[in-house]
Structure formats: C-alpha cells, structure tokens
Amino acid sequence: MKHYLDIKTWSRKNHFDFFKEFSEPFFGVTVEVDCSTVYNKVKREGKPVFLTYLYKSLIAVNKVENFRYRIEEGKVAVYDQVDPAPTVPREDDTFGFSSFKFHSDYDKFIQAGAAAMAKVKKSANLDPSTQPNVVQYSVLPWLSFTSNSHARQLSHSDSVPKITFGKLERVEEKLKMPMSVHVNHALMDGYHVGQYVEYFQELLNQD
C-alpha cells in the first residue's frame, strides 16, 4: 500500500525540486558498523549471518520514512513497507538478483529469504526486481572497502536506495563491517541516512 506526499507543504520541497533535475541525483556514504554482538549471537544459535543483518537493516530502513519514498511520475509515493532485493552469489562466481517480502517476524523472514536465495542459486538468469518498493542490497564479503559506487543507467529514473555490506574484520577486539548507503538526494539528506545507520547499529548491539 502507498499514498502520495503533499509536496506543496513538504519542508523539503525546494530540495526535491532542486535535486530531481540532476542527471545523477544519488549521493553515497560509507560507514563502519560494529557487528560483534549480533555475529556472536547468530553463530551461537546457528542462524544465517547475512539474512540476520538484512533483517535488522530492513527494520531500520522501514523506520526512517524517507527510505520509503519513491519518485513516480513526478510525485512522491510513500510506501507502507519496503522489501529486500539482494544479490545472491552462485557457485560459478556469478550472481543473480532476488526479492522477497519483508516479515517483521524474524523466523518467517529467514525462511522466506532462504527460499528466495536458494531459487536464484539454481538459476542462471539475472531477473532484477522491477518493483519500486524495495531496497537493493549487495554484499562484498571479500573486501573491507572505504568507498563504493554503483553501475547505474542514468537515462533511467531511479529512486531506490542501495545498501552494500562488506567484509567482516576484527579491529581492536571488535568485529567491524563496512557498509555503503546510496540514496536519491531529492528524497533525503545525510540526516536521514544518519538516522538509518544509528537505528541499524542499535539493532546490531542487541543480544
């Protein structure tokens, strides 16, 4: 479900009008998050690491309203919920795209995610999601990056956030992970990205 934002009364109307005209309206940041608590917990319980990070990320994403905004025919749609569209690695060193519904129930989310990823691993197709109410996720477990960019078709209108997780590394007895967040500046600012990162880190700290 969705409704449309009243742009005329929106406090960011001028920012929206300004950045929506850019040929490249996306900006991105790379931050480091502490995964020590959640990693130890999922390993202890035998839960899937990536899907657990994804679950917690989506809780944080859905909590920040601007991450649920999408530009549709010049209007700003506000979705009640956004779902994950993560890349899935295959044994032949390629990858495919997956998508599935976000469930607030952890076990249901893990079950749905595992099924969607298993299906992609058996396929040779890309099948990228065309749904606007998703966040596109990638994972680069081989790299502890300090910056990141994305291949984009600039002639195609895009307002879907993109989040990438990197390699887990031990730093001063902490398990740290780089994460990049790319978003459309017409819809949000660094303040909103900061909210997401703060919420996500709080969830990662929960035992």
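Out of all the residues in the range 121-139, which are under 16 Å from PHE165 (Cβ atoms) and not aliphatic (A, V, I, L, M)?
Once the filter is applied, which keeps residues that are under 16 Å from PHE165 (Cβ atoms) and not aliphatic (A, V, I, L, M), the range 121-139 yields GLN136, TYR137, SER138.
Which pairs do you get when a residue that is under 25 Å from VAL76 (Cβ atoms), found in the range 139-157, comes within reach of a residue that is of a type in the set (S, T, N, Q), reach meaning Cβ atoms under 7 angstrom, with the pair 6+ apart or on two chains?
Qualifying pairs under 7 Å: LEU154/SER23.
Would you check which residues across the range 122-140 are at pLDDT 95 or above and over 26 Å from ILE71 (Cα atoms) and list them?
LEU140 - this is the single residue of the range 122-140 that is at pLDDT 95 or above and over 26 Å from ILE71 (Cα atoms).
Strands (runs of 3 or more DSSP E) wholly in the range 159-207 with at least 2 residues that are buried (at least 21 other Cβ atoms within 10 Å of the Cβ) - which ones?
By residue number, 162-165, 174-184.
Listed residues SER129, SER147; which is under 14 Å from the mean Cα position of the chain (by Cα), closer than 20 Å to SER57 by Cα and not aliphatic (A, V, I, L, M)?
SER129
If we scan the range 7-23, do we find a residue that is under 25 Å from GLN111 (Cβ atoms) and in contact with an Asp or Glu (Cβ under 9 Å, 6 or more places away or on another chain)?
Within the range 7-23 (the criterion being under 25 Å from GLN111 (Cβ atoms) and in contact with an Asp or Glu (Cβ under 9 Å, 6 or more places away or on another chain)), the answer is no, since none of the residues qualifies.
Could you check the range 135-147 and list, in sequence order, the residues that are β-branched (Val, Ile, Thr) and open to solvent by less than 70 Å² (accessible area, probe 1.4 Å)?
VAL135, VAL139
Filter the range 10-60 down to the residues that are among the polar types (S, T, N, Q) and farther than 19 Å from VAL181 by Cβ and list them by number.
Keep residues of the range 10-60 that are among the polar types (S, T, N, Q), which gives 11, 14, 23, 30, 36-37, 40, 52, 57.
Of everything in the range 10-60, those that are among the polar types (S, T, N, Q) and farther than 19 Å from VAL181 by Cβ turn out to be SER11, ASN14, SER23, SER36, THR37, ASN40.
Hey, can you tell me all the residues within the range 21-64 that are of a type in the set (Lys, Arg) and within 25 Å of ALA186 (Cβ to Cβ)?
Taking the range 21-64 as the starting set, the residues that turn out to be of a type in the set (Lys, Arg) are 41, 43-44, 47, 56, 63.
Scanning the range 21-64 gives a single hit, LYS63.
The values are calculated or read from the model by the stated rules, or taken from the named source; none is laboratory data. Keep in mind that what you see is a predicted model, and the values were worked out from it rather than measured. Neighbour counts run over all protein chains shown; Cβ positions are idealised from the backbone, glycine included. Just the protein is used for accessible areas: all its heavy atoms, side chains included, with ligands, DNA and RNA removed. Shrake-Rupley method; radii C 1.70, N 1.55, O 1.52, S 1.80 Å.
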